[in-house]
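Encoded as structure tokens, the structure appears first; notes follow it.
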């Protein structure tokens, strides 16, 4: 009885506090990779006091206390950082922990991780309000939209001249047993935006037999490796899956890397650049399509 | 073999350990509260007239986060250890653990079904949605155990060896089904499934707590009453029935209590390994195989151990936290090896 009475008292105190405190939250905890990036891009990196394990960019965020994986948050752990606001995608949880954090008077804001522009616009508007930085947020969104429009224009230009290449995206760990990105994934969206045709028709990320991999004969291979990067990842991929070397993509040297952190948590600020790099590999003859846009 | 400790001193020691674990579990956490505040908030929650000024945070952390978590740890640890004793008594084998009758794998199957398939029945009413996972895990554990028990019965007799083998077969079957769900799962649900399999006391709330507390209290009150019967069963099934024990009924009770208790514990906190296996061993080492001591002492020891393991889980990586199954297995496995090697020497 006493417990609920004190909880009510606390709620009233909080409401009263909320009414006269028009000031914005100053101590932020972010549980989403793309969200942390946007907060930083809006110039508020210094307000972050903790991030989750998917927040890897900018690299300076790694120095902040880690609150663990976004779906397995700990109420007391987060409260020990004394945050005023917790932001994350709808994947953030578990729900009882979120309600415990809310009941401690911390503002909890959920954002959609859906990969499309209207969602990003809402996300940025909301972040801008929370940071008191609406103008910069709107500006960021416009710039982003322009970049994606340019990207689309150059892709359709290239597609008029060339057939879209068949692409497979391999998500792996040090090259071993890669998962192939199918429909309904962020990876599929990225491939399409870059002008590729995803050869995989299953849904989600699934392991493939090497035989069916070679049978699809992709024109381009995109690999996203969680533990290695650059040439080391490329070498590991071909070492672990020798059959890939016989694909048209490997023979023509059209094997390109994608940062796997781009594939989680919605559209992030680094995406347009990666799309440019991808389409440059997809359409090598199209007089560098990324720069033909007005 | 003469026991190392007399039952009386064992109970006194374990009670002290348990109280200490409860206090530590309430007093320590990633949020550092002044000891005095914790004490005052605790007394206030007990109903003592203490001025609540400046205690809001302490009361919130204590009342809404640490207390439900501590109660969950007590109930889960106690009931897992108790079920371990029941299974080791039933199979007359110190290697038996509650998973042997299929309750853990059944619960895992139910959970996988709920996690992966949950989005399919998206239109669930508000009252059921959040509890779907727990409910499915509980029913899965109960269902598979009932099947194992049914398979072990022949002509009104329960053959323990058949039951054991049926348990192994159904566990394999259930894991293959879980594997299939793992294959069907997308990345995010896969992570949820993995974490669920490692167990956690995180996010305990009163609404999820009471079914478990009810079940585990029932089991904890019932099983110790059967201590003499379990002692008789140690001699062998026919010997026990010559001593006037209704062996069939005893077996049924042991299986039922284990399924109920472990099912509820797993539903509330996910899979937590090694407590059910190691705690009864530990008590047997200290106080001998008499079930009159073993049953109640295992409850206390299991509860204390799980609370201490949870303390490690929440403090080791703060502000993030470790799944508790990692901690219990990390402590439990080397201890088990030690027992094996010691027995060989």
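Table for the structure above
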item	result
Count of residues meeting criterion [touching a residue at least 60 places away in the same chain (Cβ under 8 Å) and under 19 Å from residue A:136 (Cβ atoms)] in the stretch A:36-56	8
Test: residue in the stretch A:94-117 that is part of a loop (DSSP other than H, G, I, E, B), within 7 Å of chain B (Cβ to nearest Cβ), in contact (Cβ under 8 Å) with a residue 12 or more places away in the chain and under 30 Å from residue B:34 (Cα atoms)	yes
Criterion (assigned to a helix (DSSP H, G or I), more than 28 Å from residue B:181 (Cβ to Cβ) and either touching a residue at least 60 places away in the same chain (Cβ under 8 Å) or outside the structural domain of residue A:91 (by TED's automatic domain parsing) (or both)) met by exactly one of A:221, A:213, A:237	A:237
Conditions (1) farther than 24 Å from residue A:265 by Cα; (2) out of contact with any helix residue (DSSP H, G or I) (no Cβ under 8 Å at 6 or more places or on another chain); (3) surrounded by fewer than 19 Cβ atoms within 10 Å (Cβ to Cβ); number of the one not met by residue A:208	(3)
Checking residue B:107 against (1) touching a residue at least 12 places away in the same chain (Cβ under 8 Å); (2) over 21 Å from the mean Cα position of the chain (by Cα); (3) away from chain A (no Cβ under 14 Å); (4) within 30 Å of residue A:100 (Cβ to Cβ), the condition it does not meet	(2)
Qualifying residue in the stretch A:140-158 (condition: assigned to a loop (DSSP other than H, G, I, E, B) and touching a residue at least 40 places away in the same chain (Cβ under 8 Å))	no
Members of the stretch B:1-49 that are touching a helix residue (DSSP H, G or I) at 6+ places or on another chain (Cβ under 9 Å), within 14 Å of chain A (Cβ to nearest Cβ), part of a helix (DSSP H, G or I) and without any contact (Cβ under 8 Å) to a residue 12 or more places away in the chain	B:27
Members of the stretch A:55-67 found to be facing chain B (nearest Cβ under 7 Å) and surrounded by fewer than 21 Cβ atoms within 10 Å (Cβ to Cβ), listed by number	A:65, A:66
Output for the stretch A:161-170, where each listed residue is farther than 19 Å from residue A:242 by Cβ and assigned to a strand (DSSP E or B)	A:166, A:167, A:169
Matching residues, the stretch B:50-63, being more than 10 Å from chain A (Cβ to nearest Cβ) and in a loop (DSSP other than H, G, I, E, B)	B:50, B:51, B:53, B:54
Residue match in the stretch A:166-173 (condition: surrounded by 20 or more Cβ atoms within 10 Å (Cβ to Cβ) and farther than 28 Å from residue A:208 by Cα)	no
Candidates B:217, B:162, B:189, filtered to the one that is within 13 Å of chain A (Cβ to nearest Cβ) and in a helix (DSSP H, G or I)	B:189
Residue list for the stretch A:214-225, filter: surrounded by 22 or more Cβ atoms within 10 Å (Cβ to Cβ) and farther than 19 Å from residue A:282 by Cα	A:225
Only one of A:216, A:228, A:271 that is away from every other protein chain (no Cβ under 14 Å) and under 30 Å from residue A:127 (Cα atoms)	A:271
Residue ID - nearest to the chain's Cα centre (by Cα), chosen from residues in the stretch A:77-93 that are within 7 Å of chain B (Cβ to nearest Cβ) and crowded, with 24+ Cβ neighbours inside 10 Å	A:78
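One line per residue, one yes/no per condition, for (1) at pLDDT below 90; (2) within 14 Å of another protein chain (Cβ to nearest Cβ):
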position: B:155; (1), (2): yes, no
position: B:173; (1), (2): no, no
position: B:177; (1), (2): no, no
position: B:185; (1), (2): yes, yes
position: B:195; (1), (2): yes, yes
position: B:198; (1), (2): yes, yes
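The values are calculated or read from the model by the stated rules, or taken from the named source; none is laboratory data. Note that the structure is a prediction, hence the values are computed from the model and not measured. In this analysis, Cβ positions are derived from the backbone assuming ideal geometry, glycine residues included, and neighbour counts consider all displayed protein chains.
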